[in-house]
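Notes to accompany the following structure.
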């Protein structure tokens, strides 16, 4: 299958950061030509007046929580987990998890996200990965691991051995599925819900299988205090002492960091994911992004989950990532080109796929989105920098087409691989069932 996208403004994110009006030619799952393209194809799409951008990459999403949108507002992290999220996660069944995942993926496609790193819940992860496979999204995913914690409900408690076995079984079933579109990552929730034995085994298994580790750290002052109480060390120092830090660790939030911890992240090449909406909504704090970037740390952007955000729109994350640093560091902090790089190449580097995704270049995967500039909120256009348009003006609802692996998954605001009506109905039924089971109806 070949697709020719004509007359768009290509925001390439290539090494020269070229932006120009032209054509892009897709052949099967990859970009075959840019600029000097064949004159015809199986499908021709006119992108006049639109930006053609690399697919947006969000390296921290909880698809399992999409059903919980609006049911855990105005709480700080630990209460949010104990009072709402853990009981709801523990009440999932395979069908509710399947439709929760499809609900989240549909929303992601509608706002131009093509790749995610997904943290599932303890049980029924097969159902969520089935949804990932069906939808066509590119994903690194994993069942969450929780073998410790006084406040963890019985519905989520698992033994160390069981957590490790199920994780390995899922990895061996799904890693590399769909021609590599689906990958697996070991996913311990955070230090305060994992034994040291589990974390050490995760370290060794991740190295053995050559996969990522995806976990939270230093999101909340209360969480940090618990880690110090348990281990007499700060969060990142503890992870580094265990040998978990490094290029294959995707570490989410990283708000409350000491100078030593900042140095560890840079020295080890650990990837940091910044979730500004979630951090603001739960009053967790603000990640020291400019400082971390100045040290050479790779930082990407993500929406986190529906009940702590309450949406999965990467455009909102870009805008907030730019704005929240300016009162602290001045108006020139976090310029739009830097933020857009975090949402594209930064995400690609976080998942170790910068040679395959994150920019529009010949030979790379055909993961991209079209963004309309027709709305009044993007006018006037003459003389306006394209990164300004993307970061400060455009919205997720301006995305008119999303493509993953050369397949169109959303066009003209219509999902192509997900039945939106069915998901709407099934998700509404599922949350009522899950909330009753959790005692939160």
Please report, in Å, the Rg and the Dmax of the range 373-441, where both are computed over Cα atoms only. 18.5, 56
So how long is each side of the range 270-311 along the principal axes, counting just the alpha-carbon atoms, biggest first, in Å? 32, 16, 12
Can you compute the FRET efficiency between residue 151 and residue 323 using 1/(1 + (r/R0)^6), with r the Cβ-Cβ distance and R0 = 35 Å? Round to the nearest 0.05. 0.50
Whole-Å semi-axes of the range 218-373's equivalent ellipsoid, largest first, each the root of 5 times a Cα gyration tensor eigenvalue? 26, 19, 15
Taking the Cα centre of each part, how many Å lie between the range 128-187 and the range 1-16? 35
Percent RCO, i.e. relative contact order, over the range 17-108, from Cα pairs under 8 Å lying at least 6 residues apart: 22
So which residue, out of 40, 245, 159, gets the largest mean-square fluctuation from a GNM of the chain using Cα contacts under 10 Å as springs? 40
Gaussian network model of the chain, Cα within-10 Å springs - most flexible of 293, 249, 103: 293
Can you tell me the relative contact order of the chain? Whole percent, Cα pairs under 8 Å, sequence separation 6 or more. 22
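Most exposed first by the Cβ proxy, i.e. fewest other Cβ within 10 Å, how do 99, 392 rank? Intermediate results must be reported in sequence, preceding the final value.
Numbers: 99 25, 392 18.
By the 10 Å Cβ count, ascending: 392, 99.
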Contour minus Cα-Cα span, residue 30 to residue 225, at 0.36 nm per residue, comes to 65.5 nm
Mean separation of Cα contacts under 8 Å (6+ apart) over length of the range 258-305, as relative contact order %: 49
Which value, in Å to one decimal place, does the Kirkwood hydrodynamic radius take for the chain when every pair of different Cα atoms is included? 21.8
Please find the FRET efficiency linking residue 432 to residue 168, where r is the Cβ-Cβ separation and R0 is fixed at 41 Å, and quote it to the nearest 0.05. 0.75
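Average projected area of the Cα convex hull of the range 1-157, in nm²? Show your work: numbers first, answer last.
Numbers: hull surface 48.0 nm².
Here the figure is 12.0 nm², rounded to one decimal.
Ordered by packing density, taken as the mean number of other Cβ atoms within 10 Å over each peptide's residues, highest first, how do 161-168, 60-67 rank?
Result, highest mean Cβ count within 10 Å first: 60-67, 161-168.
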Pick from 120, 422, 219: which is most flexible by mean-square fluctuation in a GNM of the chain where alpha carbon atoms under 10 Å apart are linked? 422
Treating the angle as unsigned and between 0 and 90°, give the value, to the nearest 10°, between the Cα long axis of helix 94-110 and the longest Cα principal axis of the chain. 40
The range 378-396 and the range 191-260: distance between their alpha carbon centers, rounded to Å: 38
Which distance in Å, rounded to a whole number, links the C-alpha centroids of the range 406-441 and the range 34-92? 13
Which order do the peptides 306-313, 237-244 come out in when sorted by mean C-beta neighbours inside 10 angstrom, highest first? 306-313, 237-244
Calculate for the chain the 222 nm mean residue ellipticity that helices alone would give, adding -39,500 (n - 2.57) per DSSP H run of length 4 or more and normalising by residue count, nearest 500 deg cm²/dmol. -9500 deg cm²/dmol
Please grab the % of Cα pairs in the range 148-302 that end up more than 28 Å from each other. 20
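Rule-based calculations on the coordinates, nothing more; no lab input. Keep in mind that this is a model prediction, so the values were computed, not measured. Note that each Cβ is placed from the backbone with ideal geometry, even for glycine, and that neighbours are counted across all protein chains shown.
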